[in-house]
Amino acid sequence: MTDLDQRITSVLRERAEGEIDTHRLLRASRTRGRRRQLRRRAATGTALALVGVLGFVGVTGPDRTGLPGRLPWTAATPTVTPPVPPRADGVPGAAQRPELVGTDPQVLHLGVDPSRARYLRWAVHSSNRFESIQFSVGGGRSVLVEVSGSAAAIDEFLLDGVPLEEAVIPLTFDGAVQEFGGTARGLVTAWQPAPGLYARASTLGGDRTAFAQAVDAVRWDEARRCVTPLRLSTLPAGATLSACSVEATAFPAGLQVELTLHREPSATMWVRLLYGAQIAGGTTESNRVVGGRPAYLYPDGTKLELLGIPKAHLTVDFGAPLPGTERPEGDPGFSEADATGVLAGAQLAKDLTDPDTWE
């Protein structure tokens, strides 16, 4: 048993009886850590920008949905209703076709009743066959719902943002509501909304009635599109869109979009749009030209930003292998030329704060 195994076991046994499966806990923790790094290689800079520009609180690393930094339960309540992902007409919901969940990075196979709930975040990750939405009901605490056609995709990971020793494991998918306590106190439940479909909902706070009412707002018989104010008209050769996520908790004062590109066997590129109503400007020094416009290649050589966008930063992170892995021999990953092509073909909506212009 390693020192980390011993420390985890010791801490958990102070709070629970019986043997602890440290191997499972470590595996889940390490996988979650890799996913954090994978989706937010620039987490520190973005988090600081959000704190300083928008006054966000509770910013940490990204959660496993790929959505940026804040815990789903500590997000500030927006004063204006955030965007609602438009319906994907003709596409069945998760309850009808659970095998489709997470297969199309531009489609969510679930939603919430917009007359009852306020969308805060949503994400689709086709590489993990996983979808998630975060929302609040009646101005209450926000709830994060995660769904997959695989129980392992839900059960394998700890509750993101909850201290390791307070995580609730394992899940039973029987609808039972479990409490976790300590630094982070809250509720979690896992169930099967339909045969072949697995879901988990979590929130901070201990109001079971409010939690149940919030979960009841989820709609499993509809599909919605992951529409954003950022569109990519040019992709590198062999690359495909593998993930789409939108953070609209502070909308219209703030908005963040992340589109992930993947190329076999291991190349990953993150295209991110960060909008803040109070952003006065960022990097003004130009050392590159992208589509006839000034751009800036960061010193590490793996991040390129298109300059001159009012109140926003549009960046591409590229060039590094997946965290915790080595790049296979002969796989160069994405290049600066690939990133340049993506930014040159990027199209922004006329008004980033008007969802009607996002089509």
Failed item in (1) part of a loop (DSSP other than H, G, I, E, B); (2) modelled with pLDDT of 95 or more; (3) crowded, with 23+ Cβ neighbours inside 10 Å; (4) touching a helix residue (DSSP H, G or I) at 6+ places or on another chain (Cβ under 9 Å), with residue 236 passing the rest: (3)
Qualifying positions in the range 231-265 - charged (D, E, K, R) and more than 20 Å from residue 124 (Cβ to Cβ): none
Residues satisfying the stated conditions in the range 266-311, i.e. buried (at least 20 other Cβ atoms within 10 Å of the Cβ), within 27 Å of residue 123 (Cα to Cα) and either touching a Pro at 6+ places or on another chain (Cβ under 6 Å) or of a type in the set (Gly, Ala, Ser) (or both): 267, 276
Cross-chain or 6+ apart pairs with Cβ under 7 Å, the range 194-221 first and without any contact (Cβ under 8 Å) to a residue 60 or more places away in the chain, then open to solvent by 60 Å² or more (accessible area, probe 1.4 Å): 198/192; 206/179; 206/185
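How many residues are farther than 16 Å from residue 185 by Cα and at pLDDT 90 or above when one looks only at the range 126-172?
Within the range 126-172, the subset farther than 16 Å from residue 185 by Cα is 126-139, 145-157, 170-172.
Now narrow it down to the ones that are at pLDDT 90 or above: 126, 129-137, 145-151.
Matching residues across the range 126-172 total 17.
Answer yes if at least one residue in the range 183-193 is at pLDDT 75 or above, of a type in the set (A, V, I, L, M, F, W, C) and not in a strand (DSSP E or B), and no otherwise.
So the first thing to find is which residues in the range 183-193 are at pLDDT 75 or above, and the list is 183-193.
Those still in the list that are of a type in the set (A, V, I, L, M, F, W, C) too: 184, 187-188, 190-191.
The next check asks that each one be not in a strand (DSSP E or B); those that pass are 184.
Among the residues of the range 183-193, at least one is at pLDDT 75 or above, of a type in the set (A, V, I, L, M, F, W, C) and not in a strand (DSSP E or B), which makes the answer yes.
Which ones in the range 85-99 are in contact (Cβ under 8 Å) with a residue 40 or more places away in the chain and either open to solvent by less than 80 Å² (accessible area, probe 1.4 Å) or acidic (Asp, Glu) (or both)? Walk me through it before giving the result.
First, the residues of the range 85-99 that are in contact (Cβ under 8 Å) with a residue 40 or more places away in the chain: 85-88, 91-96, 98-99.
Hits for the range 85-99 are 85, 86, 88, 91, 92, 93, 94, 95, 98, 99.
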Conditions (1) out of contact with any Leu (no Cβ under 6 Å at 6 or more places or on another chain); (2) small (Gly, Ala, Ser); (3) closer than 23 Å to residue 123 by Cβ: number failed by residue 319: (3)
Positions within the range 312-340 being open to solvent by 30 Å² or more (accessible area, probe 1.4 Å), at pLDDT 95 or above, of a type in the set (A, V, I, L, M) and touching a strand residue (DSSP E or B) at 6+ places or on another chain (Cβ under 7 Å), in sequence order: none
Positions within the range 341-353 being open to solvent by 40 Å² or more (accessible area, probe 1.4 Å) and over 22 Å from the mean Cα position of the chain (by Cα), in sequence order: 344, 350, 351
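I'd like to know if the range 247-254 contains one or more residues that are of a type in the set (Gly, Ala, Ser) and free of Cβ contacts under 8 Å to residues at least 40 places away in the same chain.
Pass one, the range 247-254, residues of a type in the set (Gly, Ala, Ser): 248, 250, 253-254.
If we keep only those that are free of Cβ contacts under 8 Å to residues at least 40 places away in the same chain as well, we get none.
Taking every residue of the range 247-254 in turn, none turns out to be of a type in the set (Gly, Ala, Ser) and free of Cβ contacts under 8 Å to residues at least 40 places away in the same chain.
The values are calculated or read from the model by the stated rules, or taken from the named source; none is laboratory data. Keep in mind that what you see is a predicted model, and the values were worked out from it rather than measured. Cβ atoms come from the backbone with ideal geometry, glycine included; neighbour counts cover every protein chain shown. What goes into the accessible areas is simple: the full protein's heavy atoms, side chains included, and nothing from ligands, DNA or RNA. Shrake-Rupley method; radii C 1.70, N 1.55, O 1.52, S 1.80 Å.
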